[in-house]
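Engineer: Let me give you the structure first, and then I'll get to my questions.
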Amino acid sequence: KCPSLEVIPVIDSTNQYLLERVATLPKGACCLAEYQQAGRGRRGRQWLSPFGSNLYLSMYWRLDAGIAAAMGLSLVVGVAIAEALESLGAEGIKVKWPNDLYYQDRKLAGILVELSGQAGEAAHLVIGMGLNIAMPEAEGEAIEQSWTNLSEACDSLPERNELAAALINQLHSALNDYEESGMEGFTSRWNRLDNFLDRPVKLLMGNRVVEGIARGINSQGALLLETEQGISPYLGGEISLRGC
Ligand code: ATP
Ligand code: BTN
């Protein structure tokens with residue numbers, strides 16, 4: 001299923017590596033690294049990527065329907081990762097809107113979808129995920145939020161190649177489902193896994209903050225927030241969700 005897989009021990013960023021090659025890659029091509037010197041998250045943030053303990057994976061995907069269809073894609077990827085980890089025996093894996101995986105209210109993995117392509121053209125996407133597997137406490141000291149490892153969620157850790165294969169296969173399958181039927185089929189898959197479903201949260205939007213109760217996502221992938229005014233959808237890359 002995976003047309004090409006490059007394993008590169010040391011790299012700046014697996015996302016950057018594939019982004020520079022989108023014109024020549026087959027759909028579904030993957031890149032894995034052991035260490036990233038410049039791993040990145042959303043909005044220029046750093047993704048801490050020490051050697052040996054974690055997984056850094058990127059996949060190239062093309063959406064013929066164009067950039068508009070890429071909205072909400074990080075949600076599809078989040079569901080795929082959680083389902084893949086569950087299939088390997090991990091329990092209690094959750095998703096946090098719009099691009100994180102959580103375990104016991106701590107960040108386990110992050111997703112970064114980067115795009116190239118113009119409106120009206122096919123969208124070239126690079127989908128990156130960083131998954132903490134067994135990062136020593138000292139290595140993660142620089143992370144300013146609560147984080148955790150897959151080792152906490154598994155009685156016995158899956159073998160590394162088995163883990164990578166399960167993630168790649170589930171990602172392929174979820175992306176194909178998404179191309180066939182859009183977000184519709186993912187709302188119930190997401191809501192089952194949603195870390196904040198029916199919990200009090202706040203949304204940070206620049207210097208605006210809205211508090212309410214999270215009510216899952218709608219068929220566009222928007223976060224549904226219930227306030228005294230009722231339930232409203234929130235969509236957009238500049239929104240950050242926090243538990244209260
Ligand atoms: P948002 O809700 O806006 O996505 P976020 O804090 O999760 O907020 P991201 O850009 O998604 O921001 O992720 C980058 C952040 O993730 C970093 O600023 C850091 O706090 C945290 N981080 C960096 N490396 C790791 C890691 N290996 N494991 C867990 N968290 C990390
Ligand atoms: C986030 O939570 O903001 C997303 C973090 C994404 C990290 C992964 S690691 C593999 C790929 N290469 C990168 O530079 N970033 C992504």
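Engineer: So which of Gly212, Gly236, Gly216 is part of a loop (DSSP other than H, G, I, E, B) and of a type outside the set (A, V, I, L, M, F, W, C)?
Structural biologist: Criteria check complete, one pass: Gly236.
Residue-by-condition table, conditions (1) surrounded by 14 or more Cβ atoms within 10 Å (Cβ to Cβ); (2) not hydrophobic (A, V, I, L, M, F, W, C):
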| position | (1), (2) |
| --- | --- |
| Val79 | yes, no |
| Asn99 | yes, yes |
| Tyr103 | yes, yes |
| Ala109 | yes, no |
| Leu115 | yes, no |
| Gly120 | no, yes |
| Glu144 | no, yes |
| Thr148 | yes, yes |
| Ala153 | yes, no |
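Engineer: Another question about this same structure. How many residues does the stretch 96-114 contain that are part of a loop (DSSP other than H, G, I, E, B) and touching a Lys or Arg at 6+ places or on another chain (Cβ under 8 Å)?
Structural biologist: Here the count works out to 1.
Engineer: Mind listing whichever residues of the stretch 94-111 are over 13 Å from Ile81 (Cα atoms) and of a type in the set (A, V, I, L, M)?
Structural biologist: None; the set is empty.
Engineer: Go through the residues of the stretch 173-183 one by one and say whether even a single one is within 11 Å of ligand 1 (Cβ to nearest atom), among the hydrophobic types (A, V, I, L, M, F, W, C) and more than 15 Å from the chain's Cα centre (by Cα).
Structural biologist: No, the stretch 173-183 contains no residue that is within 11 Å of ligand 1 (Cβ to nearest atom), among the hydrophobic types (A, V, I, L, M, F, W, C) and more than 15 Å from the chain's Cα centre (by Cα).
Engineer: Also, quick follow-up: Quick check: anything in the stretch 164-172 in contact with a Lys or Arg (Cβ under 7 Å, 6 or more places away or on another chain) and not hydroxyl-bearing (Ser, Thr, Tyr)?
Structural biologist: So far as the stretch 164-172 goes, yes, one or more of its residues are in contact with a Lys or Arg (Cβ under 7 Å, 6 or more places away or on another chain) and not hydroxyl-bearing (Ser, Thr, Tyr).
Engineer: Among the residues of the stretch 18-68, which ones are within 16 Å of ligand 1 (Cβ to nearest atom) and among the polar types (S, T, N, Q)?
Structural biologist: If the condition is that a residue be within 16 Å of ligand 1 (Cβ to nearest atom) and among the polar types (S, T, N, Q), then Gln36, Gln37, Gln46, Ser49, Ser53, Asn54, Ser58 are the ones that fit.
Engineer: Among what's in the stretch 12-35 and is touching a residue at least 40 places away in the same chain (Cβ under 8 Å) and surrounded by 20 or more Cβ atoms within 10 Å (Cβ to Cβ), pick the residue that is nearest to Glu139 (Cα to Cα).
Structural biologist: Top of the filtered list is Ser13.
Engineer: Would you say Ser4 is in contact (Cβ under 8 Å) with a residue 12 or more places away in the chain, in contact with a Pro (Cβ under 8 Å, 6 or more places away or on another chain), more than 16 Å from ligand 1 (Cβ to nearest atom) and among the hydroxyl-bearing types (Ser, Thr, Tyr)?
Structural biologist: Criteria met by Ser4.
Values quoted throughout were computed directly from the atomic coordinates according to the rules given, and no laboratory measurement underlies them. Note that this is a predicted model, so its numbers are computed, not measured. Cβ sites come from the backbone with ideal geometry, for glycine too, and all protein chains shown count toward neighbours.
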